């Protein structure tokens, strides 16, 4: 905007407010107009875009108390005079208003003025007249004018199957407005974890940065595996004979294939057999597969099997495996 436009443009009229409007009412009016004429709300509408720029321009001046003061002063002093280029002995115009201040009067050789640009000569020249420094300094807004409002953050939730949560995957979410958003789920997310997606929230009403999407993840339980930090736990049943005499058994992994583990003779229930590197793999590290031995007791015995167990009982030492537990419990 050229500085002369501060004479030509009635920013109060552009925003439809009175000259004594309060800053609070000014802000409320601007936001309403910004939402109405924002290019995102009027795609392809050149007139709406032009109107949006016009109201943003007006707001950038009137919303800043110092610039508003300068604007009112310039309008009052100028009395509607127009800026004209110097030279050629032309009379009247902007230089008539301010010529005497620079000791050059309104006639004769005229100073050359430039069109206003932020950082240009003209705003440097006039800034000192009003004690406000550079004439065109502003604080944000549409392409540098006013204060752009960041878009609102949006919260959402999604439920993932166990394998997707462990391995990570790109999924597609649908917003309440029907928008589709592709979301990269990192490997190793846990149940209840929140993921912040920058710029995937609501757009700004006045050209600022879009808000974020905060996604809360729920993870379905797996029928076999469960998380233990970066480790995966799986309960592995073994027979009494395998636990007592030792055996080599097959254990499933999350990928579907199996690994072979050696069960040592005399292995009790609850002992953990570890498979290195077959847990959750993330950028922070890789966990292990923890196979927890569960000794399976037969629920039905034949007469011959029952007799064999009785014979085994007679052959084993007569000892109480709970004796130490009871002693420690008594203190």
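Quick note: the coordinates plus some simple rules give every number you see, no bench work behind them. Predicted model, so just to flag it, every value in this text is computed and none were measured. Note that we place each Cβ from the backbone using ideal geometry, even for glycine, and neighbour counts take in every protein chain shown.
Over 13 Å, how big is the tail of the calculated P(r) for the range 154-219, in percent of all Cα pairs?
Values: 1348 of 2145 pairs.
Beyond 13 Å sits 63 percent of the P(r) for the range 154-219.
Rounded to the nearest 0.05, what FRET efficiency do residue 163 and residue 244 have when you use their Cβ-Cβ distance and R0 = 35 Å? Don't skip to the answer; put the middle values down first.
Working: r = 36 Å, r/R0 = 1.01.
Efficiency, rounded to the nearest 0.05: 0.50.
If r is the Cβ-Cβ distance from residue 73 to residue 216 and R0 is 41 Å, what FRET efficiency results, to the nearest 0.05? All intermediate terms of the calculation are to be shown ahead of the outcome.
Working: r = 54 Å, r/R0 = 1.31.
Once the sixth-power term is evaluated, E becomes 0.15.
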For q = 0.19, 0.30, 0.31 Å⁻¹, Debye-computed log10 I/I(0) when each Cα of the range 6-60 counts as one equal scatterer: -0.63, -1.20, -1.24
32, 194 arranged by Cβ crowding within 10 Å, fewest neighbours leading: 194, 32
Quickly work out the residue 31-to-residue 323 label distance, labels modelled 7 Å from Cα along the C-beta direction, and quote it in nm with one decimal. 7.9 nm
Using the alpha-carbon centroid of each, what span in Å lies between the range 268-331 and the range 160-230? 40 Å
Just subtract the alpha-carbon distance of residue 259 and residue 45 from 0.36 nm times their residue separation and send over the number in nm, one decimal. 70.6 nm
Residue 297-residue 152 FRET efficiency (beta carbon distance; Förster radius 45 Å; 0.05 resolution): 0.15
What does DSSP give for the range 154-219 in terms of the percent of beta bridges that are antiparallel, rounded to the nearest 5? 60 percent
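Given all pairs of different Cα atoms, what value in angstroms does the Kirkwood hydrodynamic radius of the range 226-330 take?
Numbers: mean 1/r = 0.0616 Å⁻¹.
By the Kirkwood definition, the hydrodynamic radius is 16.2 Å.
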Label points 7 Å out from Cα along the Cβ direction at residue 173 and residue 283: separation in nm? 1.8 nm
